[in-house]
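Below: one structure, written as C-alpha cells.
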Amino acid sequence: MSPDDVARFLRTHPQFFDEHPELLESIYVPHPHGGRAIALTERQILGLRDKTRALEAKLADLIRMATENDAIAEKVHRLGLALIAAHDFTSAVQAVYFHLREDFAVPHVALRVWGKAVPAGAPEGFAVEPALRDRVESIGAPQCGPAAGNPFLEWFGEASEHVRSMALVPLGQTRSFGMLAFGAEDPQRFYAEMGTLHLRRIGEMVGGALAARL
C-alpha cells in the first residue's frame, strides 16, 4: 500500500481514529519546528496553536483597519459639518484647506474650479488649460500615484519640488467643474493601489458645497 493509498483511506474513513484511539498515542511524527519526533496528538495541538496565532494576527489587523476607518470617517464627518456651516464660496474653500491640512495632515492642497463665477482674484479660479480640463473629465474617479511626471504637479507652486505623491479628486457629479489635488512629500502617502472611498466622499461633499455657493 502506497502513502497515497493510506491518505485516501483516511479521507474516506474519517471515523478510523475514533474506532482505534490507541493509535493516536502510538503514532509519532516530526516536530514542525525541530527534528525530534512527537506524538500525533501533540502535533495536532501544535498545528492548532499555529492556526490560532494566525487567526489572532488577522483579527488584530482587522481591528486596526476598522479603527483607522472609523477615525477617517469621523474626520470626513467634521469636514462635512464645516462645509454645511460655510456661508459662501470663500469660507467653504477655507474649510477645505483647514481640515485637509490640520485634520487629515495633508501638507499640500490645491483646488481649481472652472466654468463658474469664482470670486475675483481667488486662486481657485486661475485658468486651467483645456487639455487639463479634459484630463480631469477622463479621470472620472479619484486617482493616486507618484508625483513625478504628473501634469497637475505645478498646481502646488513652489512646493512642487517637494511633492512626491499625489491624489487627484475630480469635482462634479455629471460633469467635472474642478479638481482637488492632494500632495505629500512621502512617496508612499498616496499610492496607486490604495483605496479611494474616502477620497470620493470628500470630493462629493466639496463639489456639492462649492457648486451650491457659486
Say we look at region 134-152 and pick out the residues that are part of a helix (DSSP H, G or I) and open to solvent by 40 Å² or more (accessible area, probe 1.4 Å); which of these is farthest from THR196 (Cα to Cα)? ASP134
Checked VAL118, VAL169, VAL76, VAL109 against criteria (among the hydrophobic types (A, V, I, L, M, F, W, C), part of a loop (DSSP other than H, G, I, E, B), at negative phi and surrounded by 13 or more Cβ atoms within 10 Å (Cβ to Cβ)); the one match is VAL118
If GLU56 meets every condition in (1) modelled with pLDDT of 80 or more; (2) open to solvent by less than 100 Å² (accessible area, probe 1.4 Å); (3) more than 30 Å from ALA181 (Cα to Cα) apart from one, which number is that one? (2)
Among the residues of region 172-204, what is the count of those that are part of a helix (DSSP H, G or I), closer than 17 Å to VAL113 by Cα and either open to solvent by less than 40 Å² (accessible area, probe 1.4 Å) or of a type in the set (S, T, N, Q) (or both)? 2
Taking VAL93 as the residue in question, decide whether it is among the hydrophobic types (A, V, I, L, M, F, W, C), touching a strand residue (DSSP E or B) at 6+ places or on another chain (Cβ under 8 Å) and modelled with pLDDT of 80 or more. yes
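The values are calculated or read from the model by the stated rules, or taken from the named source; none is laboratory data. This one's a predicted model, so the numbers in the text were calculated from it and none came from an experiment. Neighbour counts run over all protein chains shown; Cβ positions are idealised from the backbone, glycine included. Side chains included, ligands, DNA and RNA excluded: accessible areas come from the protein's heavy atoms. Shrake-Rupley method; radii C 1.70, N 1.55, O 1.52, S 1.80 Å.
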